[in-house]
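S.K.: Encoded as structure tokens, here's the structure I'll be asking about.
Each value in this text was obtained by applying a stated rule to the coordinates, not by laboratory testing. This one's a predicted model, so the numbers in the text were calculated from it and none came from an experiment. As a convention, Cβ positions derive from the backbone with ideal geometry for all residues, glycine included, and neighbour counts pool all protein chains shown.
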Amino acid sequence: MVRQRHRTTRLLGSLLLVATASAFAVGATPAAGSPAAGTPPTTPLDRVVPAPASVTPGGSPYRITRDTHIRVDDSSEARDLGAYLARLLRPSTGYPLPVTTQGDGGIRLRLAKGPFGAEGYRLDSGAKGVTVTATRPAGLFHGVQTLRQLLPAAVEKDTAQPGPWLVAGGTIQDTPRYGWRGAMLDVSRHYFTVDQVKRYIDQLALYKVNKLHLHLIDDQGWRIAIDSWPRLSTYGGSTQVGGGPGGSYTKADYREIVRYAASRYLEVVPEMDMPGHTNAALASYADLNCDGVAPPLYTGTDVGFSSLCVSKEITYDFVDDVIRELAALTPGRYLHIGGDEAHSTSHEDYVTFMDRVQPIVAKYGKTVVGWHQLTGATPAKGALAQYWGLDSTSAAEKAQVAKAAQNGTGLILSPADRIYLDMKYDEDTPLGLSWAGYVDVKRSYDWDPGAYLPGAPAEAVRGVEAPMWTETLVTSADLEYMAFPRLAGVAELGWSPAATHDWGTYKVRLAAQGPRWDALGIGYHRAPEVPWPAR
């Protein structure tokens with residue numbers, strides 16, 4: 001929570017954003033926080049996305065030069081973060097930027113006790129240098145992402161640029177509103193390679209997202225090798241929507257995704273969706289079907305027709321084996337068991353199934369996450385329910401989820417008509433679906449997670465997550481066009497204090513991200529409601 005003494009600076013930050021918006025729109029006056037007349041402009045401290053908790057601009061900027069060093073504490077985490085920052089800055093600046101544990105000045109990454117929590121940080125900038133201070137390495141990493149945004153967008157390019165490389169003077173103190181700031185990637189409907197997933201991870205990290213939910217299993221493809229049931233990947237993973245070649249991750253592939261995500265301070269949450277969305281498994285092993293007959297592989301997009309056989313004991317042997325192997329591969333705390341759109345499973349069987357499966361997750365040391373239909377059964381103690389309904393979802397269904405929240409179930413909010421990134425922006429969007437309606441950039445941003453679900457205690461909300469379903473998405477360019485610019489707004493909903501929430505000022509800060517995405521090679525939707533700078 002933001003403390004009382006930061007309220008004045010938040011108000012100042014809001015006023016500065018208004019002033020910045022006017023300057024950005026008309027180009028007539030320097031933006032707040034710029035150096036004195038005659039010196040190159042800087043990016044104002046309050047132009048960051050997600051909005052920081054507290055911004056105090058002032059003082060001289062810091063200039064990165066050929067003599068700048070990156071100074072770190074003598075710990076493996078700090079050294080790794082220093083090396084990461086150097087790799088980001090060297091190509092565009094052309095400077096050597098050596099990483100050292102000695103000396104003063106320059107860019108310093110510092111671990112120290114303070115009121116930062118697990119992910120917060122403080123950034124201090126002045127003529128002599130920039131210091132990012134945090135209690136934990138995750139906080140240093142998030143501070144580095146803020147530092148990136150305070151530098152010109154050209155810093156993201158992979159060839160030498162003219163600069164200058166100035167960081168505005170002042171202080172940012174920042175901690176996240178929620179601990180769960182997630183993005184889901186569906187690799188089942190269409191398969192995405194390890195390198196494609198890594199690219200998405202890097203894009204998520206820039207906006208302080210800290211959970212990567214991988215939807216590994218669905219009717220159209222099984223994407224993870226399971227040694228005890230090998231046909232799941234070799235046969236069940238051999239196709240995808242539209243009949244393409246599909247693919248699956250070896251265990252080494254999956255470990256590499258987990259490792260890479262961890263290096264960007266994202267926790268991987270694997271999902272085994274069940275008892276529905278399981279045709280790939282049912283096609284791979286006939287015994288998982290109640291009639292003992294394996295259906296053909298499926299390459300369409302309909303949902304709700306498949307179900308594991310709840311009455312067969314082999315079903316629970318299968319679930320136990322898969323969860324055991326997935327849990328062993330996943331160092332994170334959570335395992336997602338799906339549970340949505342189980343239309344071919346009776347309610348009685350659904351409850352029976354969830355009563356059997358949730359203890360298996362606990363047996364292997366993980367915490368259950370499920371889609372919000374899990375609240376129609378009895379969520380395990382500590383379980384999280386991921387709400388994906390609409391504003392128009394029935395009051396009874398919302399009340400069921402709210403009651404579970406009142407009884408201790410945590411909530412992750414992913415309302416489909418707000419933050420499903422695969423929904424079309426408008427009727428002319430060439431990709432995506434529209435079953436939840438059109439979701440423009442303002443709609444995806446302009447809501448409050450803490451007050452969204454009637455009857456759910458605000459303290460039950462653990463955070464937000466932006467799902468990306470891939471029925472129509474095949475390439476990284478497809479993912480990026482649908483994610484950007486909406487992903488940045490979801491990240492801000494998860495990170496920034498509610499008091500900073502304002503569409504009028506946000507859209508100006510968002511527009512300033514456009515040149516950065518151009519520099520990174522991200523092809524984004526130039527939404528008409530955002531005042532993008534001319535290219």
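S.K.: Quick check on the chain: helices-only [θ] at 222 nm, where DSSP H runs of length 4 and up contribute -39,500 (n - 2.57) each and the sum goes over total residues. Nearest 500, please.
M.R.: Mean residue ellipticity, 222 nm, calculated: -10000 deg cm²/dmol.
S.K.: If you build the convex hull over the alpha carbons only and average its shadow over all orientations, what do you get for the chain? Give it in nm² to one decimal.
M.R.: Mean projected area of the Cα convex hull: 23.9 nm².
S.K.: Amide H of residue 213 versus every other amide H placed in the peptide plane: which residues, excluding those fewer than 5 positions away on the same chain, fall under 5 Å?
M.R.: Amide H neighbours of residue 213: 183, 184, 185, 269.
S.K.: Another question, then. What is the spin-label model distance, in nm, from residue 426 to residue 250 if the labels are put 7 Å beyond Cα along the C-beta direction?
M.R.: So the label points at residue 426 and residue 250 sit 4.7 nm apart.
S.K.: Still on this model: Going by Cα centres, region 103-172 and region 435-467 are how many Å apart?
M.R.: Taking the Cα centre of region 435-467 as reference, the centre of region 103-172 is 30 Å away.
S.K.: Ok, one more. Arrange the peptides 150-163, 463-476 so that the one whose residues have, on average, the most other Cβ atoms within 10 Å appears first.
M.R.: 463-476, 150-163
S.K.: Which whole-angstrom value gives the distance between the alpha carbon centres of region 272-331 and region 367-411?
M.R.: 23
S.K.: Counting Lys and Arg as +1 and Asp and Glu as -1, what is the net charge of the other residues whose Cβ lies under 10 Å from the Cβ of residue 495?
M.R.: So the surrounding residues net to 0.
S.K.: If you don't mind, there's one more thing I want to ask. Pairs 113/211; 366/398; 157/251: which are spaced more than 29 Å apart, C-alpha to C-alpha? Don't jump to the answer; show the numbers that get you there.
M.R.: Numbers: 113/211 25 Å; 366/398 27 Å; 157/251 33 Å.
Among 113/211; 366/398; 157/251, the Cα-Cα distance tops 29 Å for 157/251.
S.K.: Below 8 Å between Cα atoms, with a sequence gap of 6+, how large is the relative contact order for the chain in percent?
M.R.: It comes to 14 percent, rounded to a whole number.
S.K.: Rounded to the nearest 5, what % of the DSSP beta bridges within region 161-290 are antiparallel ones?
M.R.: 15
S.K.: Scan region 277-385 for trypsin sites (Lys or Arg not before Pro) in coil per DSSP, keeping those whose Cβ has at most 14 other Cβ atoms within 10 Å, and list them by number.
M.R.: Those that pass, being in a loop and sparsely packed, are 333, 381.
S.K.: For region 176-197 and region 53-85, what is the separation of their C-alpha centers, rounded to whole Å?
M.R.: 29
S.K.: Could you list which residues have their amide H under 5 Å from that of residue 177, counting only those 5 or more apart in sequence or on another chain, with H placed in the peptide plane?
M.R.: Answer set, sorted by chain and number: 495, 496.
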